[in-house]
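In what follows, a structure is listed as structure tokens, so that the remarks can point back to it.
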Amino acid sequence: MSGRGRGGPAPVSAPPRPAPRPDRCGGAPGRHPGPRHPRVAMAAPAPLRDCQAWKDAGLPLSTTSNEACKLFDAILTQYVTWTNDKSLGGIEGCLSKLRAADPTFAMGHAISNGLVLVGTGSSVRLDRELDLAVKTMVEVSQTQPLTQRERLHVSAVETFAKGNFSGACELWEQILWDHPTDMLALKFSHDAYFYLGYQEQMRDSVARIYPFWTPSIPLSRYVPVGDHLVSFLFSLFFMVSVLALP
């Protein structure tokens, strides 16, 4: 009876399954490894720019505090990249440190007030603290020799605060005419154009400055090429939604 039972032939054992092969790419064993890609090290973040670095970039800042310059760069970087870097203290933390590093730093006041105005849509008519901050910015700018670029930045933020968005954009465009790599002027104007629905102006503004940007310039990868199309589609969707309301 060996090898056979009374009810028929003995069951045949299934052949042993081969041991799963380890994935050459480090994935789960037994799965197809897929295409192999070389491991590319992530580029280290660019060092924050001090007084001399800003001067070398053709965008001097009127402060003797290297810490203030670096914090200004940290805030600008987080604004442009839409991040809140906890390792830097986030935007709010950097703004607080910036005010402490140099309370009379005009561009520090400009970026701080500009972010509140452009980034949140707050109004000096409804926010007394913001109104005082804008007035302080103007007073600070009048007590020291600033570059023409810095004075235009202060004027643009003040103009925006008064509700004259188009006028503010004209001032930022004046900055970009002589300083096409001024990312703060570019970003503020770009966002203001979006609020206004000025798609052509947004496109033309970027087109004018784009040839001056090279990969070696910090934040060059964030120059908003193509973003105007996204903004246009968003604005179109908004308008269609509003028009569709009963």
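The values are calculated or read from the model by the stated rules, or taken from the named source; none is laboratory data. Since the structure is predicted, the reported quantities are computational estimates derived from the model, not experimental observations. Every residue, glycine as well, gets a Cβ built from its backbone with ideal geometry; the counts of neighbours run over all protein chains shown.
Contact map, the range 94-116: residues that are in contact (Cβ under 8 Å) with a residue 24 or more places away in the chain paired with residues that are of a type in the set (Asp, Glu), Cβ distance under 6 Å, separation 6+ or inter-chain. Pairs shown: ALA101/GLU67; ALA106/GLU150; MET107/GLU150. Screening THR214 against (1) outside any helix (DSSP H, G or I); (2) within 15 Å of ALA106 (Cβ to Cβ) leaves a single unmet condition, (2). Taking each residue of the range 197-220 that is on the phi < 0 side of the Ramachandran plot and looking for partners that are of a type in the set (Val, Ile, Thr) and not in a loop (DSSP other than H, G, I, E, B) with beta-carbon atoms closer than 8 Å, six or more apart or interchain, yields PRO218/THR77.
Checking every residue in the range 218-235 against the condition of being at pLDDT 90 or above, outside any helix (DSSP H, G or I) and surrounded by fewer than 16 Cβ atoms within 10 Å (Cβ to Cβ) gives zero matches. Among helices (runs of 4 or more DSSP H) entirely within the range 110-202, having at least 1 residues that are surrounded by fewer than 20 Cβ atoms within 10 Å (Cβ to Cβ) and at pLDDT 95 or above singles out 128-141, 148-161, 165-178.
Residue pairs whose Cβ atoms lie under 8 Å apart, separated by 6 or more positions or on different chains, with the first residue in the range 120-148 and closer than 10 Å to ALA161 by Cβ and the second among the charged types (D, E, K, R) and part of a loop (DSSP other than H, G, I, E, B), are VAL124/LYS162; ASP131/ARG125.
Reported count of residues in the range 102-117, each being in contact with a Phe, Trp or Tyr (Cβ under 9 Å, 6 or more places away or on another chain) and more than 25 Å from ALA192 (Cα to Cα), is 0.
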